[in-house]
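> Okay, here's the structure, questions in a sec.
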Amino acid sequence: MVIAIVIYMMVQAVVFGIGVVLVLATPLANIAMMLMPFVVAATLVASAPIAWWLAPLARAAHERKLNAQEPGRSTDDQPGRGYHAN
């Protein structure tokens, strides 16, 4: 969940940038001031599922990197991680 929140902020920035470019680089630039609140709202909504989809992929990539550094490492013999360490 924490990974998804951090990724959400980055995804929102990228999606907002894409939205702004689409509004300003097209004939919609004439009504850009009217459309910008909709772009902001759309990025708030659209970024959440994208971040939720990317978070497990980022964690899996990190796990693969750790496993490559320590061959034979399993998730069972690891001490607790994060704020809820056992």
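The values are calculated or read from the model by the stated rules, or taken from the named source; none is laboratory data. Nothing here was measured: the structure is a model prediction, and the numbers come from that model. Cβ coordinates were reconstructed from backbone atoms using ideal geometry, including for glycine residues, and neighbour counts include every protein chain displayed.
> Taking V2 and the conditions (1) over 14 Å from the mean Cα position of the chain (by Cα); (2) β-branched (V, I, T); (3) modelled with pLDDT under 90, which numbered condition does it fall short on, given that it satisfies the others?
Going through the list (1) over 14 Å from the mean Cα position of the chain (by Cα); (2) β-branched (V, I, T); (3) modelled with pLDDT under 90, V2 breaks only (1).
> So in region 1-41, with the set limited to residues that are among the small types (G, A, S) and in contact (Cβ under 8 Å) with a residue 24 or more places away in the chain, which one is farthest from R59 (Cα to Cα)?
Residue satisfying both the conditions and the ranking: G19.
> Follow-up. On the basis of being loosely packed, with under 10 Cβ neighbours inside 10 Å and either farther than 23 Å from G19 by Cβ or at pLDDT 70 or above (or both), does P56 make the cut?
Working: loosely packed, with under 10 Cβ neighbours inside 10 Å: no; either farther than 23 Å from G19 by Cβ or at pLDDT 70 or above (or both): yes.
No; evaluated as a whole, the condition is false for this residue.
> I'd like to know if region 15-22 contains one or more residues that are modelled with pLDDT of 70 or more and either charged (D, E, K, R) or in contact with a His (Cβ under 9 Å, 6 or more places away or on another chain) (or both).
From region 15-22, those modelled with pLDDT of 70 or more are 15-22; that's our starting set.
Those left that are additionally either charged (D, E, K, R) or in contact with a His (Cβ under 9 Å, 6 or more places away or on another chain) (or both): none.
Looking for residues that are modelled with pLDDT of 70 or more and either charged (D, E, K, R) or in contact with a His (Cβ under 9 Å, 6 or more places away or on another chain) (or both), one finds none in region 15-22, hence no.
> I would also like to ask the following. Since T26 meets every condition but one in (1) closer than 22 Å to M9 by Cβ; (2) at pLDDT 90 or above; (3) loosely packed, with under 11 Cβ neighbours inside 10 Å, which condition does it not meet?
The single condition T26 does not satisfy is (1).
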